[in-house]
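Read-outs: derived from the displayed coordinates by stated rules, not from any lab. Small disclaimer: the values here were computed from a predicted structure and weren't measured. Reconstructed Cβ throughout: ideal geometry from the backbone, glycine too, with neighbour counts over all protein chains shown.
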Amino acid sequence: MFSRNGLTMVTLKTPRLLLSPFNEQDWPFFLSLRENSDVMRFMGEVLDEVAIRALFIQRCEEPNIFIIRDENGATLGDIGLRVSHKNPHEADVGYALLPEAQGKGYASEALAALCDYGFNQLSLHAINAWVLGVNQGSSRLLEKHGFTRTQVLEKAYFLNGEYYDDWVYRRENTLTKR
């Protein structure tokens, strides 16, 4: 744990992964990840470098957002929680992995660690996720980790000239009582 701009930054470890806060050395990786059309196909439009840089600077300043590295230090993707300003006991989760890192259990391992951290360290009551209905891999991952689809927003997300259904998932902390 360390402090950056008055915020506590943590590192999470799993058997195969290290989830560490963003730092300036992660810029080339972040740029390549966000310029990769295979990565972005379910997330959003590929932005220009200036916009990606602004997003990167924001990620560097936020707690609870991590670069995913394997046991050899190779960067695989990113994952994070955004705690709600209106309801600080809830957060949204998001993640992105390089295509060559997908299908190897890395996202599953990182998501498990992040949920454990959110519920046990941040005392969250619930974690929410938003997934395009066509993103079957992400839907399966969330369901495997106890997320339940709570809502379908039909044709609610416009991406690359098409409207997609947006699926809302939620996992509640079974240890907290409201």
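Miscellaneous remarks
- A cut-off under 12 angstrom between Cβ atoms defines the neighbours of R170, and their net charge, with Lys, Arg +1 and Asp, Glu -1, is -2.
- D_trans [Stokes-Einstein, Kirkwood Rh over alpha-carbon pairs] for the range 51-178, 37 °C, 0.692 mPa s, µm² s⁻¹: 210 µm²/s
- Ordering P88, N160, P99 by the projection of their Cα atoms onto the charge dipole of the range 37-178, which places +1 on the Cβ of Lys and Arg and -1 on the Cβ of Asp and Glu, puts P88 at the extreme positive end.
- Scaled to the globular estimate 2.2 N^0.38 Å, the Cα spread of the range 58-122, given as radius of gyration, is 1.15.
- Overall Cα dimensions of the range 2-125 - principal axes, largest extent first, Å: 35, 31, 26
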